[in-house]
Amino acid sequence: MKPLPRALTIAGSDSGGGAGIQADLKTFGALGVYGMSVLTALTAQNTRGVQAVFELPPDFVAAQIDSVLGDIGADAVKTGMLANAAIIEVVAEKMREYRVERLVVDPVMRAKSGDPLLRPEAQEALIRRLFPLAMVVTPNLHEARALVGRELRSREDMREAARIIHGMGPRWVVVKGGHLEGDDRSVDVVFDGRDFYELDAPRVDTVNTHGTGCTFASAIAAGLAKGLAPLEAIRQAKEYLTAVLQASRAFKLGGGAYGPMDHFALGKAEAPARAASG
Ligand SMILES: Nc1ncnc2c1ncn2[C@@H]1O[C@H](COP(=O)(O)OP(=O)(O)O)[C@@H](O)[C@H]1O
Ligand SMILES: Cc1ncc(COP(=O)(O)OP(=O)(O)O)c(N)n1
């Protein structure tokens, strides 16, 4: 029997279940990957926003990584909310110690609600300590803007940002276009240091976009854990995310502006068809 691919997420908890560790583990499960988690912070969060954040001690983050990578191991690792510079330092040190090759860094800075998830002074540590270890980094437009220090309004701006961020060390950069205004497509720009690729998908008309970034980065990690090449893992992640967004449109949870997705909506949509044909 083929061993189950293993993926680890190092991220914060979203008590509302839409983003963070919860979205990551749902994505791993939906994509047939054995998921593990190292918590960096707890958030009291729902569809209305983030009400409170509790950052875990860096030593405890290190202990969790040792428990998982010292015993079970991982075929790919994904980072999400890292909260502060001390946690970033510890995570980077452990990625080196365990020689993690397939590392996806989602440079989470704030939630869609606008609430901060990374201390501003920690951005430097993210760039200097973690980016050089990353196989793929996945900034959204706001994060890319903060990383390169200029406004991004067009695809051309996204390409330029991808080029600059690539210079910070990662092998692949995906600048996500989910927040680009006035576009009926949802286009992400991918750069590997030589070539640009555009991942083009229809923009899904839905309020259920909470956790799209976490889901996308976890799906890339799942693909890498299965042994896919980076570009193929990125393409498949985009397809998965678009399909889940489409299938989750009727989902309604909470009273806030952005609802969560239903990661298992695809399986449910297919179930009656399978039963009918079987
Ligand atoms: N309404 C939408 N329809 C289709 N794809 C979307 C939509 N919103 C975001 N995406 C896609 O979701 C992924 C995550 O992007 P984004 O929402 O920008 O990230 P984040 O959640 O980190 O802010 C990207 O592939 C982006 O293109
Ligand atoms: C605990 C936690 N981690 C990350 C995020 C950000 O998630 P993201 O996928 O970028 O989704 P939005 O927050 O932008 O909807 C989070 N909110 N909480």
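Read-outs throughout are calculated quantities, based only on the coordinates presented, and are distinct from any laboratory measurement. As the structure is a computational prediction, the values presented were derived from the model and not from experiment. We place every Cβ from the backbone using ideal geometry, glycine too, and count neighbours over all the protein chains shown.
Quick one: which helices (runs of 4 or more DSSP H) lie wholly within segment 138-229 and hold at least 2 residues that are more than 14 Å from ligand 1 (Cβ to nearest atom) and charged (D, E, K, R)?
In segment 138-229, the matching helices (runs of 4 or more DSSP H) lie at 155-166.
When segment 44-53 is examined, which residues are found to be within 11 Å of ligand 2 (Cβ to nearest atom) and either of a type outside the set (Ser, Thr, Tyr) or in a strand (DSSP E or B) (or both)?
If the condition is that a residue be within 11 Å of ligand 2 (Cβ to nearest atom) and either of a type outside the set (Ser, Thr, Tyr) or in a strand (DSSP E or B) (or both), then 44, 45, 46, 49, 50, 53 are the ones that fit.
When segment 119-137 is examined, which residues are found to be free of Cβ contacts under 8 Å to residues at least 40 places away in the same chain and assigned to a helix (DSSP H, G or I)?
120, 121, 123, 124, 128, 131, 132
Return the residues of segment 102-117 that are without any contact (Cβ under 8 Å) to a residue 60 or more places away in the chain, of a type in the set (A, V, I, L, M) and surrounded by 24 or more Cβ atoms within 10 Å (Cβ to Cβ); say none if nothing qualifies.
Within segment 102-117, just 103 meets the criteria.
Which of the residues belonging to segment 1-43 are surrounded by fewer than 22 Cβ atoms within 10 Å (Cβ to Cβ), in a helix (DSSP H, G or I) and away from ligand 1 (no atom under 16 Å from the Cβ)?
25, 29
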